[in-house]
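Encoded as structure tokens, the structure appears first; notes follow it.
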Amino acid sequence: MDIVVLKFGGSSVANNENLEVVANKIIKFKKKKKDVVCIVSAQGKMTDNLINEAKELSKVPDERELDALINVGEQISASKVSILLNEKGYDAISLNGWQAGILTSNQFQNAQILDINKERIIEELKKDKIVIITGFQGINENGDITTLGRGGSDTSAVAVASVLQAKKCYIFSDVDGIYTADPNKITNAKKINEMSYKEMSISSTEGAKVLHDRCVQLAEKYSLPIIAASTFNDEKGTRISSNFVEKNEIKSIIQNNNIAYIKAIGNSNILDTLIENEIKFGNYIIEENEIHFTVLKEAVEKLKKLLKNTKLDITETSKISIVGIGVSNNSDTLKHIIPILEQVKNNLISIDISAYKISLQFNKIIDKKYLNQIHKKLIK
């Protein structure tokens, strides 16, 4: 079988007009004699809206029930795409995650894919059907619906592509590839033709919103190339793979404002709490009777509930990350940005340097003009 896996993000399926574009894109692949499997996200901001509605009822909703609620968005998208393809004369079928055999761990809100029983997918492809699968979700050993974390549809797509032994996985969105910075913030950001798995994984982990970090790690494990491209044009996208030439080159500069800086007073068991509840954290520092660390903003309410007897000082912060192969070996990088950092030196908490990145952590949300200045200095 010559299988191609396509994934369409929330903006791609946001309304009926966009669904027409998606359907026609799928048909183009089908006309090339491909067996087509599509993974879809929820329409537009539906998942965000459902989460906000749940939080009107409870600041920290029960995670099992929240997963049961927010998975419906993908079901709506999958059904609509299938209805439209059938109307256009192409046999299609929508499958929920559990119908597609996606078995996950028991961790609600951030489940890991443990296995995919591909029999149902193969069975439908043999009937020459286009298979539309809900992204972002699966089922655990207890029969409960689970979700994979925000952006998890990317991981669904790569996992399905890997188990079906597809030659590549296309991730379609409203952007025609990966850029050196968020093009919505930096007008002169440049599109990147090719990135290594490592560069893309770090960029995603540091806050770039193009691809889910776990999907890139999974693609690297199975040597599956990812093509990040636009739903709305036929421009060549960005290829993420292991094929690259090692050289000192900055690929992306990311400003992440989705971070909370926490100062906790008088609780020595915080690290255990973070680990046991699978809360991602960084910059963990112990100072006498205080513990300092960072978490994503969406984890704050959960953390406050878990540490209700601990005094917490919470501040919204920014992190700017410079990502690229050998970036730490290029002394000119820091030389170029030191004059810029002088402007905000009183707000700079730490500089973290590793083989693939330089991260600058601040103690407040800083203006995007500093991102712009750094980008102008480092990207030629």
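The numbers here are math on the coordinates, done by the rules we state, and not lab data. Since the structure is predicted, the reported quantities are computational estimates derived from the model, not experimental observations. All Cβ positions, even for glycine, are placed from backbone atoms using ideal geometry, and neighbour counts span all protein chains on display.
Once you list every other residue whose beta carbon is under 9 Å from the beta carbon of ILE226, what net charge do they have if Lys and Arg are +1 and Asp and Glu are -1? Result for the local shell: +1. Available extension along the chain between ASN277 and ASN142 is 46.6 nm, counting 0.36 nm per residue and deducting the alpha carbon span. Dividing the mean sequence gap of close Cα pairs (under 8 Å, 6+ apart) by how many residues the chain holds gives a relative contact order of 13 percent. Evaluating 6.51 cos²θ - 1.76 cosθ + 1.60 at θ = phi - 60° for every residue in the stretch 347-352, the Karplus couplings come out as 10, 7, 8, 7, 10, 10 Hz, glycine and proline recorded as x. Quick check: the angle from helix 72-87's long axis to the longest principal axis of the chain, C-alpha only, nearest 10 degrees? It works out to around 40 degrees. When the C-alpha to C-alpha distance is required to be over 29 Å, the pairs from LYS31/LYS198; LYS308/LYS345; LYS28/LYS126; LYS126/LYS168 that qualify are LYS31/LYS198; LYS308/LYS345. Out of the DSSP beta bridges found with both residues in the chain, what percent are antiparallel (nearest 5)? The answer is about 65 percent antiparallel.
Rounded to the nearest 20, the Cβ-based charge dipole of the stretch 100-159 about its Cα centre (Lys and Arg +1, Asp and Glu -1) stands at 160 debye.
Here the translational diffusion coefficient of the stretch 81-237 follows from Stokes-Einstein with Rh set to the Kirkwood radius across Cα pairs; for 37 °C and 0.692 mPa s it amounts to 198 µm²/s. What residue among LEU19, LEU211, LEU69 shows peak mean-square fluctuation when the chain is described by a Gaussian network model with Cα springs under 10 Å? Of the options given, LEU69 has the highest mean-square fluctuation.
Normalised radius of gyration (Cα atoms, divided by 2.2 N^0.38 Å) for the chain: 1.03. For the stretch 1-76, applying the loop criterion from DSSP together with a ceiling of 10 other beta carbons within 10 Å to the trypsin sites (Lys or Arg not before Pro) yields LYS32, LYS33. Rg then Dmax, both in Å and based on the Cα atoms of the stretch 154-250: 12.7, 39. What is the Cα centroid distance between the stretch 301-380 and the stretch 223-285, reported in whole angstrom? About 13 Å separates the Cα centre of the stretch 301-380 from the one of the stretch 223-285. Over the chain, DSSP H runs of length four or greater, each weighted -39,500 (n - 2.57), average out per residue to a 222 nm ellipticity of -10000 deg cm²/dmol.
Report the net charge of residues surrounding GLU63, where surrounding means a beta-carbon distance below 15 angstrom and charges are Lys +1, Arg +1, Asp -1, Glu -1. Local net charge: -2. The tail of the calculated P(r) for the stretch 13-102, taken as Cα-Cα distances beyond 15 Å, holds 63 percent of the pairs. Size descriptors for the stretch 235-380, from the alpha-carbon set: Rg then Dmax equal 17.6, 55 Å.
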